[in-house]
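J.: Below you will find the structure I want to go over with you.
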Amino acid sequence: MRQSHLFTKTRKEAPSDETSKNAQLLIRAGYVYKEMAGVYSYLPLGLRVLENIKQIIREEIHREGGQEMVMTALQEKELWEQTDRWDDSVVDIWFKTELKNGTELGLGITHEEPLTRIMTSYISSYRDLPQYAYQFQNKFRNETRAKSGIMRGREFLMKDLYDFSKNEAEHNEFYERIRGAYKRIFERVGIGDSTYVTFASGGIFSEFSEEFQTVSDAGEDLIYVDEEKGVALNKEVYTDAVIEKLGLDKSALVEKKSIEVGNIFHLGTKFSEPLGLQYTDEAGNKVPVYMGSYGLGPTRLMGTLVEVLADEKGIVWPESVAPFRVHLVGLNLDDAEIRDYAEGIYSALTTRGVTVLYDDRDVRPGEKFADSDLIGIPYRVVVSRKTKSEGIFEVVERATGEVHSLSEEELYQKYIPEAEE
Ligand code: ATP
Ligand code: MG
């Protein structure tokens, strides 16, 4: 992609009402556009990152048998009344609207109810189970606070996965597999080391659920970590009773601010019973389906990566989610010979399958370098009069600042995408 064709431009300042680091940097670099507090559009650069994050999630969920679908944002009041989650006194974050005839509707906050109802059309026998379905979909929540940038949206993307199992044992087996899938996802996006699986309150079907919490001062949550044992708890289960039960030592637990990037939850028959999702077991008995739900916010995760990995110059994307692998910065391009040469390097890289943002703009070198640091692409390669005459390319790693001098052939070999290596 030619930077001169990109409709977004970097900005020196973020909107004055934007206080979060993630949104400030993402807006300044041209990844997102702030529509209003808690509501952001994803621009071409931002969409590329989001799609990379989604693809990693998809791969790991598919590995465990998840089937992708997409449900509707518009939701029927009557469905949510059956599980007592419609009334504002029970769920206070609904955005509600109505049809011309006065029928009330809500914009989906989550999708246990609609998916459970869908499944009543397809599940009737033990032979139909288990089933694992998930989606990526915008959720709408009238969040009171929207001060965390894209990490707490009023409209935001969620990956929500649900299991429909014959019994608790079958559900637990899938739950364990998804815990593993989540660990792989957070490792692949570069925050494995700073992300803990924490014990959280579990609801009526189990004592605990688990959350994936990434340590960051930008977090809205507090967790208590025993670093030696690698165990962590959420504030709401940080009681004397629980600490003892888990065999932990209260002096050893360190309080940390953290961001909830995902959670895994035992639902039991909480939704299948009121919505009539039953199956006939081997003995001919009608039994409610046993369920679990697994949330993960790709947009919150994108904001978390910015919070955790950015430095004072700007965003630092891990290679796995970066919008492009190489930022090719062209200098001296007013010289036709150098421009031809730079174009040649650009097309040689792209024809080899490397994703490249090519800064072919007519602006000063200092501005190009500052923008490149802000945008945060993993490898910056300068192509200029000097590289042409010397045949040596200077490659700077955004994350470490390390500089490598490579020949043209080494450049092509080194920057072929990993999958093709
Ligand atoms: P929180 O306690 O932070 O409000 P939650 O308990 O409401 O989160 P869930 O309803 O379980 O979270 O949502 C599943 C996942 O969706 C979360 O783990 C998080 O990654 C993401 N998520 C939740 N709310 C938001 C939001 N307002 N903006 C962006 N992502 C969100
Ligand atoms: Mg919430």
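J.: Please state which one of LEU161, LEU157 is surrounded by 22 or more Cβ atoms within 10 Å (Cβ to Cβ), within 18 Å of the chain's Cα centre (by Cα) and not in a helix (DSSP H, G or I).
T.: Answer to the check: LEU161.
J.: Identify, please: which residue in region 66-82 is under 24 Å from GLY297 (Cα atoms) and out of contact with any Leu (no Cβ under 7 Å at 6 or more places or on another chain) and is, among those, surrounded by the most Cβ atoms within 10 Å (Cβ to Cβ)?
T.: Checked region 66-82; the qualifying residue surrounded by the most Cβ atoms within 10 Å (Cβ to Cβ) is TRP80.
J.: How many residues does region 231-250 contain that are in contact (Cβ under 8 Å) with a residue 24 or more places away in the chain and surrounded by fewer than 17 Cβ atoms within 10 Å (Cβ to Cβ)?
T.: Qualifying residue count for the region: 2.
J.: Please count how many residues of region 167-216 are in contact with a helix residue (DSSP H, G or I) (Cβ under 8 Å, 6 or more places away or on another chain) and of a type in the set (Gly, Ala, Ser).
T.: Residues flagged as in contact with a helix residue (DSSP H, G or I) (Cβ under 8 Å, 6 or more places away or on another chain) and of a type in the set (Gly, Ala, Ser) within region 167-216 amount to 7.
J.: Can you tell me which of (1) at pLDDT 95 or above; (2) among the polar types (S, T, N, Q); (3) in contact with a strand residue (DSSP E or B) (Cβ under 8 Å, 6 or more places away or on another chain); (4) not assigned by TED's automatic domain parsing to the domain that holds ARG48 is the one THR350 doesn't meet?
T.: THR350 satisfies all of (1) at pLDDT 95 or above; (2) among the polar types (S, T, N, Q); (3) in contact with a strand residue (DSSP E or B) (Cβ under 8 Å, 6 or more places away or on another chain); (4) not assigned by TED's automatic domain parsing to the domain that holds ARG48 except (1).
J.: Select from region 251-266 the residues that are away from ligand 2 (no atom under 16 Å from the Cβ) and surrounded by 22 or more Cβ atoms within 10 Å (Cβ to Cβ) and list them in ascending order.
T.: Scanning region 251-266 gives a single hit, HIS266.
J.: Consider MET119 carefully, then state whether it is in the same structural domain as ARG58 (by TED's automatic domain parsing) and near ligand 1 (Cβ under 10 Å from one of its atoms).
T.: So MET119 fails the test.
J.: So if I check each of SER125, SER216, SER148, SER209, which one is over 17 Å from LEU296 (Cα atoms) and crowded, with 18+ Cβ neighbours inside 10 Å?
T.: Matching residue, one of SER125, SER216, SER148, SER209: SER216.
J.: Also: Do we have GLU64 as within 22 Å of GLU211 (Cβ to Cβ) and either in contact with a His (Cβ under 6 Å, 6 or more places away or on another chain) or more than 16 Å from ligand 1 (Cβ to nearest atom) (or both) here?
T.: yes
J.: Of the residues ILE185, ILE243, which is β-branched (Val, Ile, Thr) and closer than 24 Å to GLY149 by Cα?
T.: It is ILE185.
J.: Identify, please: which residue in region 126-144 is within 16 Å of ligand 2 (Cβ to nearest atom) and outside any strand (DSSP E or B) and is, among those, farthest from GLY65 (Cα to Cα)?
T.: THR144
J.: Consider LYS147 against the criteria (1) farther than 22 Å from SER272 by Cβ; (2) within 16 Å of ligand 2 (Cβ to nearest atom); (3) in contact with a strand residue (DSSP E or B) (Cβ under 9 Å, 6 or more places away or on another chain): it satisfies all of them except one. Which criterion is unmet?
T.: (3)
J.: Right, here's the next one. Could you grab me the full set of residues in region 219-230 that are closer than 21 Å to GLY180 by Cα, surrounded by fewer than 16 Cβ atoms within 10 Å (Cβ to Cβ) and touching a helix residue (DSSP H, G or I) at 6+ places or on another chain (Cβ under 9 Å)?
T.: Within region 219-230, GLU227, GLU228, LYS229 qualify.
J.: Given the options SER206, SER216, SER201, name the one that is among the polar types (S, T, N, Q), within 16 Å of ligand 2 (Cβ to nearest atom) and at pLDDT 90 or above.
T.: Just a single option satisfies the conditions, and that option is SER201.
J.: Please work out if LEU406 is touching a residue at least 24 places away in the same chain (Cβ under 8 Å) and more than 30 Å from ALA218 (Cβ to Cβ).
T.: Criteria not met by LEU406.
Condition check ((1) more than 26 Å from GLU78 (Cβ to Cβ); (2) touching a residue at least 24 places away in the same chain (Cβ under 8 Å); (3) in contact with a Cys (Cβ under 8 Å, 6 or more places away or on another chain)) across all residues:
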| position | (1), (2), (3) |
| --- | --- |
| GLY102 | no, no, no |
| ILE109 | no, yes, no |
| MET119 | no, yes, no |
| ASP128 | no, yes, no |
| GLN131 | no, yes, no |
| GLU143 | no, yes, no |
| MET151 | yes, yes, no |
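J.: Continuing with this model, one more query. Counting only residues that are within 25 Å of ILE57 (Cβ to Cβ) and of a type in the set (Asp, Glu), give me the strands (runs of 3 or more DSSP E) lying completely in region 209-274 with at least 3 of them.
T.: In region 209-274, no matching strands (runs of 3 or more DSSP E) lie anywhere.
The values are calculated or read from the model by the stated rules, or taken from the named source; none is laboratory data. Just so you know, these numbers come straight off a predicted model, no measurement behind them. As a convention, Cβ positions derive from the backbone with ideal geometry for all residues, glycine included, and neighbour counts pool all protein chains shown.
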